Amino acid sequence: MQKLWIFKLTRILVYALFRLYFRIEFEGVENIPARGPVIVAPNHASYLDPFWVSTAIKRPMRYMTWDKMTNLPLLGRLIMAYGAFPVSLEKGDRAALRLSLDHLKSGGGLVIFPEGGRTLNGKIKSFKPGVVRLALDTDAPIVPATIIGAYKSFSPHYIFPRPFKIKVVYHPLIKLSQPEDRAHDKKYLHDQAERLQAVVSSRLDKSG
């Protein structure tokens, strides 16, 4: 269970550290609704992405994370306090999916990385349609987010993060409508996933 006071304290400490070390900046935070269900969908290049994308958001957010990460002595406790819940990547996890559905249906906020894993070469990977399905099933809007500088700072090839500048861009909210033709449901999910990817990629392309 995510405790609000721990979240608030952790958020203040993390924000101060990130401002000092990464000179982190945020754009479009006003696009995050203050209440009600919402999915924030960023690109994924670093283990620090959940912290970078969540730090400027005043409301508590939850996000799936690799179950082995939650077992780490110090970091595991920190990411759990920040709203993480474990998911088994090896066998899939229906419990994590159910928790995500219930959390959104109760009006919560959720961070989902549609690529499904970190990029290994700095290029954004194809977005999986699961985030679109989750949004449709819960009537939750999606806020695409671009984390600029994540790969340079803390790619999967680095043991320790480097002090490159980080900027997080929260794009305008997207409210999906139910597909009119259920026979073409898979195509609709795929098309909307590509739409989200294009929005997120638009600022990565300009960032160099």
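Only residues that are crowded, with 18+ Cβ neighbours inside 10 Å and over 15 Å from Ile148 (Cβ atoms): list them for segment 32-46, please.
Pass one, segment 32-46, residues crowded, with 18+ Cβ neighbours inside 10 Å: 32, 37-46.
Result: Ile32, Pro37, Val38, Ile39, Val40, Ala41.
So that you can scan it fast, the table gives a plain yes or no per residue for (1) in contact with a helix residue (DSSP H, G or I) (Cβ under 6 Å, 6 or more places away or on another chain); (2) of a type outside the set (Ser, Thr, Tyr):
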{"site": "Gly108", "(1), (2)": "no, yes"}
{"site": "Pro114", "(1), (2)": "yes, yes"}
{"site": "Pro129", "(1), (2)": "yes, yes"}
{"site": "Val143", "(1), (2)": "yes, yes"}
{"site": "Tyr151", "(1), (2)": "no, no"}
{"site": "Lys167", "(1), (2)": "no, yes"}
{"site": "Ile174", "(1), (2)": "no, yes"}
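Yes or no: Ala193 modelled with pLDDT of 95 or more and either out of contact with any His (no Cβ under 7 Å at 6 or more places or on another chain) or assigned to a loop (DSSP other than H, G, I, E, B) (or both)?
Working: modelled with pLDDT of 95 or more: yes; either out of contact with any His (no Cβ under 7 Å at 6 or more places or on another chain) or assigned to a loop (DSSP other than H, G, I, E, B) (or both): yes.
Considered against the rule, which asks whether it is modelled with pLDDT of 95 or more and either out of contact with any His (no Cβ under 7 Å at 6 or more places or on another chain) or assigned to a loop (DSSP other than H, G, I, E, B) (or both), Ala193 comes out as yes.
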Q.
Being open to solvent by 40 Å² or more (accessible area, probe 1.4 Å), under 14 Å from the mean Cα position of the chain (by Cα) and within 23 Å of Glu27 (Cα to Cα) is the filter here; which residues of segment 90-123 pass it?
A. Arg118
Q: Could you please let me know if Ser153 is among the polar types (S, T, N, Q), surrounded by 14 or more Cβ atoms within 10 Å (Cβ to Cβ), outside any loop (DSSP other than H, G, I, E, B) and within 15 Å of the chain's Cα centre (by Cα)?
A: no
Q | Top-ranked residue in segment 124-140 [being over 15 Å from Ser155 (Cα atoms) and basic (Lys, Arg); ranked as surrounded by the most Cβ atoms within 10 Å (Cβ to Cβ)] | A | Lys128
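The values are calculated or read from the model by the stated rules, or taken from the named source; none is laboratory data. The structure displayed is predicted, hence computed values, not measured ones. Note that each Cβ is placed from the backbone with ideal geometry, even for glycine, and that neighbours are counted across all protein chains shown. Calculation scope for accessible area: heavy atoms of the full protein, side chains included, ligands and nucleic acids excluded. Shrake-Rupley method; radii C 1.70, N 1.55, O 1.52, S 1.80 Å.
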